Amino acid sequence: MSQGNGGSPHQRVVVIGLEAAEPTLVEQWANEGKLPTFQSLMQKGIWRRLRSTTEISSGATWASLITGTNPAKHGMGFYHRQLQPGTYTIRKKYAEQTATEPFWNQLSRHGKRVAILDLPDTYATEDLNGVMLVGWGAEGLNAKQHSWPKKLLKDIFSRVGHHPLEFWYQERPKDIAAWKAFSDKLLEGTRRRTQIAKQVLAQEAWDCYVIGYAEAHWIGHYFWHIIDKRHPDYDPELERECGDSILKIYQEIDRGIAELITMSPEATVMIVSNTGMGPNFSGQHLLPQVLEKLGYSKGPSSAGLKQLLPHQKWGPYYAIKSIETLVSAKLMETIKRVIPEKVWDSVTRRILTMGNNWKDSLAFEVPSDYSGAIRINLKGREPHGLVEPGGEFDHLCARITQDLLELVNPDTGEGAVAGVIKVKDVYQGDRLDEMQDLIVQWKGNAPVNHLESKKIGRVSGILPDKRSGAHMVNGFMLAAGRSIKTNQQLEDAHIMDIAPTLLHVLSEPIPDIMDGKVLSDILS
């Protein structure tokens with residue numbers, strides 16, 4: 001471990017995690033005076049964008065933020081539907097399977113008192129020197145709802161109640177009344193979350209206090225088309241009735257932050273967003289067709305699946321859409337409530353890849369949440385690998401990259417792909433083999449309903465995602481307090497820098513495994 005330079009032994013930190021809060025919206029509304037707490041903190045603290053590991057998946061971001069390590073070390077990618085190493089099947093990966101530890105474990109071992117409340121993608125550590133709450137109001141749960149001490153969750157349910165959207169199956173609202181009801185539930189969830197935060201913060205002078213707000217994530221995914229006229233689902237009437245829904249959530253969070261800061265006047269405060277949010281203009285649903293047309297992958301091998309999922313629309317997104325068409329979302333929610341979580345996860349993930357022909361493919365698409373994700377069928381890694389490591393692998397990656405960069409979105413007349421990242425050139429670690437090999441970055445300036453090139457002709461399909469908003473690469477950090485310089489805007493940092501910086505402020509050594517650096521330029 002390396003030792004940070006400085007830091008007071010009596011420091012306290014309050015960390016507020018805002019899941020997928022969009023920095024451009026925060027900047028705009030703070031400048032307009034609509035978010036007075038953010039406005040005040042920006043004037044007296046440090047505001048900067050945070051680059052993230054969103055290109056791998058938004059599912060990789062919280063793990064990178066809390067461990068200070070890259071996805072090839074912590075092993076968390078698109079954990080909702082992540083490839084099982086050594087197989088051609090998809091599994092769900094859980095927070096407790098994160099290979100590197102969160103920064104608060106070190107604080108706890110060294111005697112510091114910590115409170116970690118409902119931060120996304122975490123798991124409760126038993127014998128933690130403090131308290132921890134997991135899954136009270138998660139947008140996407142990847143650990144069972146639990147707490148440390150174990151009675152804490154029951155106490156919170158009795159005092160504050162459940163989150164209004166607990167175990168919600170993510171059914172898209174059908175009319176304006178349903179959109180308003182959805183927004184109202186998120187507002188109430190935000191208020192209850194602040195109640196929980198205040199009750200725990202008042203218990204003692206925590207050395208490190210962390211609270212997560214998931215509501216910006218929910219509202220951004222589902223309401224983006226209401227504020228973005230470029231989106232094909234934009235509806236002027238819906239904007240008139242619900243156009244301030246995202247702002248209301250941000251304002252409720254802003255009020256909550258003000259109350260927490262008032263309760264901790266001597267603490268260093270750090271507000272972090274793991275990703276941004278923008279229009280869901282992904283083209284990943286067309287990648288299976290593209291790879292097949294280019295001769296890199298084979299279509300589904302099951303005749304039955306070809307009837308259920310038309311061949312030209314094979315892929316995880318279309319599998320999900322077809323299942324929800326056959327079985328209503330409401331019935332899916334009911335089934336999910338009565339089936340053990342891990343049974344549900346196992347069965348539904350297997351359905352996504354039933355009949356795939358990945359073993360006979362040179363390359364194939366694996367699930368992701370916005371970027372396209374391509375896996376090479378590599379000898380020695382995949383059970384029926386076809387591509388030799390080394391030169392053959394690199395040559396194939398280069399060919400695929402060039403072919404993808406030639407794709408045009410005919411609706412804009414422009415290239416559809418902004419870039420292709422070879423993962424091993426960016427990330428290194430013991431879990432690299434759990435990641436995709438190529439990341440396809442979409443230009444994101446328009447919906448992708450068709451892709452064209454001289455080699456493939458044209459492939460078509462509507463993105464079957466009920467969410468109009470998607471994760472963007474840049475989140476943000478806003479820091480203020482006794483350890484922080486005043487009124488400065490600095491160049492971008494990385495989410496992996498947050499954990500080592502917090503350890504440094506609390507006079508802790510920085511573990512050698514961390515890839516992030518201490519943000520010494522923000523510290524007074």
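Annotations
- Within segment 378-401, residues that are assigned by TED's automatic domain parsing to the domain that holds ILE439 have Cβ atoms under 7 Å from residues that are β-branched (Val, Ile, Thr) and in a loop (DSSP other than H, G, I, E, B) in these pairs: PRO383/THR87, counting only partners at least 6 apart in sequence or on another chain.
- Test: residue in segment 473-482 that is aromatic (Phe, Trp, Tyr), buried (at least 23 other Cβ atoms within 10 Å of the Cβ), touching a residue at least 24 places away in the same chain (Cβ under 8 Å) and in contact with a helix residue (DSSP H, G or I) (Cβ under 8 Å, 6 or more places away or on another chain): yes
- No other residue among PRO509, PRO500, PRO464 is in contact with a helix residue (DSSP H, G or I) (Cβ under 9 Å, 6 or more places away or on another chain), assigned by TED's automatic domain parsing to the domain that holds HIS221 and surrounded by fewer than 21 Cβ atoms within 10 Å (Cβ to Cβ) apart from PRO509.
- ILE116 being closer than 28 Å to PRO511 by Cα and among the hydrophobic types (A, V, I, L, M, F, W, C): yes
- Among the residues of segment 357-407, just one is within 18 Å of MET435 (Cβ to Cβ), modelled with pLDDT of 95 or more, charged (D, E, K, R) and assigned to a loop (DSSP other than H, G, I, E, B), namely ARG381.
- Any chance ALA20 is free of Cβ contacts under 8 Å to residues at least 24 places away in the same chain and buried (at least 24 other Cβ atoms within 10 Å of the Cβ): no
- Only listed residue being in contact with a helix residue (DSSP H, G or I) (Cβ under 6 Å, 6 or more places away or on another chain) and not aliphatic (A, V, I, L, M), chosen from PRO149, PRO173: PRO173
- Condition check for THR87: in contact with a strand residue (DSSP E or B) (Cβ under 9 Å, 6 or more places away or on another chain), closer than 30 Å to ASP437 by Cβ and in a helix (DSSP H, G or I): no
- Of all the criteria given as (1) touching a residue at least 40 places away in the same chain (Cβ under 8 Å); (2) farther than 22 Å from ASP244 by Cβ, the one not satisfied by GLY220 is (2).
- Take the conditions (1) over 25 Å from ILE339 (Cα atoms); (2) buried (at least 21 other Cβ atoms within 10 Å of the Cβ); LYS93 misses just one of them, which is (1).
- Taking the criterion of being assigned to a loop (DSSP other than H, G, I, E, B) and under 23 Å from HIS217 (Cβ atoms), the residues of segment 108-122 that qualify are ASP118, LEU119, PRO120, ASP121, THR122.
- Pair list, Cβ < 7 Å and 6+ apart or interchain, from segment 35-59 residues that are without any contact (Cβ under 8 Å) to a residue 60 or more places away in the chain and farther than 30 Å from ILE421 by Cβ to residues that are assigned to a loop (DSSP other than H, G, I, E, B) and not β-branched (Val, Ile, Thr): GLN39/GLY33
- Residue that is farther than 30 Å from ILE261 by Cα and free of Cβ contacts under 8 Å to residues at least 24 places away in the same chain, where the choices are ASP244, ASP235, ASP228: ASP235
- Annotation note: of THR69, THR24, THR100, the sole residue that is under 24 Å from SER245 (Cβ atoms) and among the hydroxyl-bearing types (Ser, Thr, Tyr) is THR24.
- Any hit, segment 162-171, residues being at pLDDT 95 or above and aliphatic (A, V, I, L, M): no
Residue by residue, here is whether (1) within 13 Å of ASN474 (Cα to Cα); (2) touching a strand residue (DSSP E or B) at 6+ places or on another chain (Cβ under 6 Å); (3) at pLDDT below 95 holds:
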site: GLU22; (1), (2), (3): yes, yes, no
site: GLN28; (1), (2), (3): no, no, no
site: LEU35; (1), (2), (3): no, no, no
site: LEU41; (1), (2), (3): no, yes, no
site: LYS44; (1), (2), (3): no, yes, yes
site: ARG51; (1), (2), (3): yes, yes, no
site: PRO71; (1), (2), (3): no, no, no
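- Total residues in segment 228-242, condition under 20 Å from PRO23 (Cα atoms) and touching a helix residue (DSSP H, G or I) at 6+ places or on another chain (Cβ under 6 Å): 1
- For segment 229-254, a residue qualifies if it is surrounded by fewer than 18 Cβ atoms within 10 Å (Cβ to Cβ) and either among the polar types (S, T, N, Q) or part of a loop (DSSP other than H, G, I, E, B) (or both), and the qualifying residues are LYS229, ARG230, PRO232, ASP233, TYR234, ASP235, GLY243, ASP244.
- Test: residue in segment 85-103 that is closer than 17 Å to ALA21 by Cβ and either hydroxyl-bearing (Ser, Thr, Tyr) or modelled with pLDDT of 95 or more (or both): no
- Selected residue (only one of GLN428, GLN441, GLN436 is assigned to a strand (DSSP E or B) and either outside the structural domain of GLN289 (by TED's automatic domain parsing) or modelled with pLDDT of 95 or more (or both)): GLN441
The values are calculated or read from the model by the stated rules, or taken from the named source; none is laboratory data. These figures come from a predicted structure and were not determined experimentally. So basically every Cβ, Gly included, is an ideal-geometry build from the backbone, and we count neighbours across all protein chains shown.
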